[in-house]
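Here is the structure we will look at.
Since every read-out is calculated from the coordinates, none of them should be taken as a lab result. Every value quoted in this text rests on a predicted model; they were computed, and no experiment measured them. We place every Cβ from the backbone using ideal geometry, glycine too, and count neighbours over all the protein chains shown.
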Amino acid sequence: MNETATPPDERECERCGRRDVWDEATDNWRIVESGRSHCIHEWDINGAYNPFAES
């Protein structure tokens, strides 16, 4: 069984609601919905997302 890590393509701050998506063209996160300007952004890293998929 081979497993390949698949990075997330979206994220949301649990504090302010800011939403980002991964932009393949710039190889960076792009803001979709802005949150508070001075938030330290706590991303949901303990959610249901599983970075491993069978190949």
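Listing for the model above:
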{"read-out": "Cα-derived Rg to Rh of the chain, Kirkwood definition", "value": "1.06"}
{"read-out": "Average Cα contact separation per residue, the chain, under 8 Å, 6 or more apart, as relative contact order %", "value": "45"}
{"read-out": "Label-to-label distance, nm, for residues given as T26 and E3 (7 Å Cα→Cβ offset)", "value": "3.3"}
{"read-out": "Residue-wise HN-Hα coupling along region 33-45, computed from phi with Karplus coefficients 6.51, -1.76, 1.60 (Hz; x: Gly, Pro)", "value": "9, 7, x, 5, 5, 10, 6, 7, 6, 9, 7, 6, 9"}
